[in-house]
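These notes are about the structure you will find just below.
Values quoted throughout were computed directly from the atomic coordinates according to the rules given, and no laboratory measurement underlies them. Treat the numbers as computed from the prediction; the structure is a model and nothing was measured. Neighbour counts run over all protein chains shown; Cβ positions are idealised from the backbone, glycine included.
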Amino acid sequence: MTAIPDALRPLLEAPAIAHLATVRPDGSPRSSPMWFLFDGERARFSHTRTRAKFRDLQANRAMTFSIHDPDDPAHYVEVRGALEEIVPDTAGSFSIELRRHYGKDPVPPDDAADRVVLVMRIDRVLGN
Amino acid sequence: MTEIPDALRPILEAPAFAHLATVHPDGSPQSSPMWFLFDGERVRFTHTSFRAKFRNLQANPGMAFSILDPEDPYRYIEVRGVLDEIVPDPTGAFYVELSRRYGNEDPPPPPDAADRVILVMRIDRVLGR
């Protein structure tokens, strides 16, 4: 995998909000805030099969997200990569793990039946 | 122009960070945090004519950004649209205006003023909660 500069790694490890961009079928971009978990190698997002981003990724697997440090906005990271795998999460267990990471009550989501984990391969890390 | 729900308007009016996505010529997205100014109709970003986003927009004018409400991280807005206009900013005046808006008291013009441009985005769709 790609090298991640030490100065940027804390932004990936903190429970920060990632703004995840995908490309819509018409070729225009979409951006939305997402929780994620970085396992040291890949980034994982909780998502559902019914949502727009999931459909975007069926046609174009490219994913990019950016995060800024709320305490120091000039400090940011941009991560480029691609959807590597979609893992069903019908028990909502990854969603629960994410909630715990973000300091929320670890309860299963209402839409667990449609839940998936989007596993993103990291190709490039930029930032400041 | 598109309707902006009243509940989301304060997020566009605050000096928050917009994560602006464009599309690279290879079809993959690019995203980075940006200062911006919403004038009630269009959104303006300060940029330079030599950066990746500028080049991306030459080929694909699609733009989208998302912002978290600094006051309440459960609230956010997603805005989609296209590049409407590129306005030269050779003195960096718009950069300085934005810098002041984001809390810098007496900002000098940017060292890259000669290459500064204003990306003016037309809003086509607003989502959020």
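Kindly list the residues of region B:104-129 that lie in the label zone of B:Phe50, defined by a backbone N under 16 Å from the point 7 Å along the Cα-to-C-beta vector. It comes to B:110-117, nothing else. Could you work out [θ]222 nm for chain B from helices alone, using -39500 (n - 2.57) per DSSP H run of at least four and dividing by all its residues? Round to the nearest 500 deg cm²/dmol. Theoretical 222 nm ellipticity from helices: -4500 deg cm²/dmol. Comparing B:Val87, B:Val43, B:Val117 in a Gaussian network model of chain B where C-alpha atoms under 10 Å apart are linked, the largest mean-square fluctuation is found at B:Val87. Of B:Thr2, A:Thr22, the sequence from fewest to most neighbouring Cβ atoms within 10 angstrom is B:Thr2, A:Thr22.
Per residue of peptide B:65-74, the mean number of Cβ atoms on other chains within 10 Å of the residue Cβ is 3.
Whole-Hz Karplus values for region B:57-74 come out as 6, 5, 8, 9, x, x, 9, 8, 9, 10, 9, 8, 5, x, 8, 7, x, 7 Hz, taken residue by residue from phi with 6.51 cos²θ - 1.76 cosθ + 1.60 and θ = phi - 60°; glycine and proline positions read x. Contact order for chain A, expressed relative to its length and based on alpha carbon pairs under 8 Å spaced 6+ residues apart, stands at 30 percent. What the phi angles of region B:86-98 give under the Karplus curve with 6.51, -1.76 and 1.60, with θ = phi - 60°, is a coupling list of 10, 10, x, 9, x, 9, x, 4, 6, 4, 5, 4, 5 Hz, glycine and proline written as x. Label separation (A:Ala74 vs B:Arg100): 2.0 nm, computed from points 7 Å beyond Cα along the C-beta direction.
Quick one: if the Förster radius is 25 Å, what FRET efficiency do A:Leu126 and B:Val120 give, using the C-beta to C-beta distance and rounding to 0.05? Walk me through the intermediate numbers first.
Numbers: r = 25 Å, r/R0 = 1.02.
After rounding to 0.05, the efficiency reads 0.50.
Taken along the Cα-to-beta-carbon direction at a fixed 7 Å, the label points for A:Ala113 and B:Ala59 span 4.3 nm. Each residue of region B:33-50 was assigned a 3J(HN,Hα) from its phi angle through the Karplus expression (A = 6.51, B = -1.76, C = 1.60, θ = phi - 60°), giving x, 9, 6, 7, 9, 9, 9, x, 9, 10, 10, 10, 10, 8, 7, 10, 7, 10 Hz with x at Gly and Pro. Springs join every pair of Cα atoms under 10 Å in this Gaussian network model of chain B, and among B:Arg44, B:Arg116, B:Arg101 the largest mean-square fluctuation is at B:Arg101. In chain A, the DSSP-assigned H stretches of four residues or longer account for a calculated mean residue ellipticity at 222 nm of -4500 deg cm²/dmol, using -39500 (n - 2.57) per stretch and the full residue count as denominator.
Evaluate E = 1/(1 + (r/R0)^6) for B:Arg9 and A:Ala3, where r is the Cβ-Cβ distance and R0 equals 41 Å; express this FRET efficiency to the nearest 0.05.
E(calc), rounded to 0.05, equals 0.45.
Mean-square fluctuations from a GNM of chain B, with a 10 angstrom spring cutoff on Cα atoms, peak among B:Ala16, B:Ala113, B:Ala59 at B:Ala59. As a proxy for reagent exposure, B:Tyr76, B:Tyr102 were ordered by neighbouring Cβ count within 10 angstrom, fewest first; the result is B:Tyr102, B:Tyr76.
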